[in-house]
Amino acid sequence: MRAALGATAVAAGAAWTAPALAAVAAPACEALRIQRRLDATAAPRGVALTFDDGPHPQGTPAVLEILASRGARATFFLVGEQVERDPGLAREIAAAGHAVALHGHRHRNLLRVAPRALAGDLDRGVAVIERATGAHVTRYRPPYGVFSAAGLVLARRRGWQPTLWSRWGRDWRRRTTPARIAATAVTGLVAGDVLLLHDADHYSAPGSWRRTVAALPMILDAIADRGLYAVAI
Ligand SMILES: [Zn+2]
């Protein structure tokens, strides 16, 4: 059973790094109770904006400013080692009414971390985030969207909802533009989508957050044009 779960989790993770296999990932996520869309009854016209890899000294304040100007709410999947560098910035995210969640203490692929080391990483990360923000963490998204069997078990034991996404802007890439990020994120966007973006370039192409920040107003416009609104989860 353990081996079977591991194989499925690995397949789901691999699928998310290869968009062509996304059709395989959706049923796998459902079977593993990994959330990738919103509950329609909770927010019928809602879209969940999520930002991974922060906080970032420039990217996060820029994203917060745009969200505030639009009255939009989002969820920030924080990295513990980045929160340690700037706990005040993590606190600002929560103080602005956004949700904070765990992305790990270090940004490592779960398939390369032994279960015992992973438990230590998750516990350290959540302690750092909760101490800095005063918020209670209830969600977990692993680096690269790749779950291991151990990662799923550890997250559930701690009461965290494993969460991936249904759409992305592919904003971590070196060769992209704000217009392309926005188009990728909103083409076919519907209520209930969970959208993956990044407010930091700690683990992606240098300066990538600048393109995300430039794309964000276009994405929020498209959400509003469809009669939808951004929610925190
Ligand atoms: Zn990440």
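Restricting the stretch 112-126 to residues that are surrounded by 14 or more Cβ atoms within 10 Å (Cβ to Cβ) and hydrophobic (A, V, I, L, M, F, W, C), the residue that is nearest to Val100 (Cα to Cα) is Val126. Quick check: anything in the stretch 60-72 within 24 Å of Val146 (Cβ to Cβ), more than 16 Å from the ligand (Cβ to nearest atom), modelled with pLDDT of 95 or more and small (Gly, Ala, Ser)? Among the residues of the stretch 60-72, not one is within 24 Å of Val146 (Cβ to Cβ), more than 16 Å from the ligand (Cβ to nearest atom), modelled with pLDDT of 95 or more and small (Gly, Ala, Ser), which makes the answer no. If the condition is being surrounded by 19 or more Cβ atoms within 10 Å (Cβ to Cβ) and away from the ligand (no atom under 16 Å from the Cβ), then the stretch 139-159 contributes Ala149, Ala150, Leu152, Leu154.
Go through the stretch 197-213 residue by residue and tally those that are of a type in the set (A, V, I, L, M) and over 18 Å from Phe76 (Cα atoms). If you could, list the steps in order and put the result at the bottom.
Narrowing the stretch 197-213 to residues of a type in the set (A, V, I, L, M): 197, 200, 205, 213.
Now narrow it down to the ones that are over 18 Å from Phe76 (Cα atoms): 205.
Going through the stretch 197-213 one residue at a time, the tally reaches 1.
For beta carbons closer than 9 Å, sequence separation of 6+ or different chains, a first residue in the stretch 59-75 that is touching a residue at least 40 places away in the same chain (Cβ under 8 Å) and of a type in the set (S, T, N, Q) and a second that is in a loop (DSSP other than H, G, I, E, B) and surrounded by 16 or more Cβ atoms within 10 Å (Cβ to Cβ), the qualifying pairs are Thr60/Gly54; Thr60/Asp86; Thr60/Asp199; Thr60/Ala200; Thr75/His98; Thr75/Ala232; Thr75/Ile233.
When the stretch 37-69 is examined, which residues are found to be closer than 26 Å to Glu81 by Cβ, of a type in the set (A, V, I, L, M, F, W, C) and in contact with an Asp or Glu (Cβ under 9 Å, 6 or more places away or on another chain)? Ala48, Phe51, Ala62, Val63, Leu64, listed by residue number.
Given the criteria surrounded by fewer than 24 Cβ atoms within 10 Å (Cβ to Cβ) and within 15 Å of the ligand (Cβ to nearest atom), does His103 qualify?
Working: surrounded by fewer than 24 Cβ atoms within 10 Å (Cβ to Cβ): no; within 15 Å of the ligand (Cβ to nearest atom): yes.
No: the conditions fail for His103.
Taken over the stretch 76-98, the residue count meeting the criterion of being buried (at least 21 other Cβ atoms within 10 Å of the Cβ) and either touching a residue at least 60 places away in the same chain (Cβ under 8 Å) or within 24 Å of Asp225 (Cβ to Cβ) (or both) is 5.
Table: residues versus (1) within 15 Å of the ligand (Cβ to nearest atom); (2) surrounded by fewer than 23 Cβ atoms within 10 Å (Cβ to Cβ); (3) of a type in the set (S, T, N, Q); (4) over 16 Å from the mean Cα position of the chain (by Cα).
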site	(1), (2), (3), (4)
Arg170	yes, yes, no, no
Arg174	no, yes, no, yes
Thr177	no, yes, yes, yes
Arg180	no, yes, no, yes
His198	yes, no, no, no
Thr212	yes, no, yes, no
Pro217	no, yes, no, yes
Asp225	no, yes, no, yes
Val231	no, yes, no, no
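Residue check: Gly207 meets all listed conditions (1) without any contact (Cβ under 8 Å) to a residue 60 or more places away in the chain; (2) on the phi < 0 side of the Ramachandran plot but one, namely (2).
The values are calculated or read from the model by the stated rules, or taken from the named source; none is laboratory data. The model shown is predicted, which means the values in this text are computed figures rather than measured ones. Don't worry about glycine lacking a Cβ; one is built from the backbone with ideal geometry, like all the others, and counts go over all protein chains shown.
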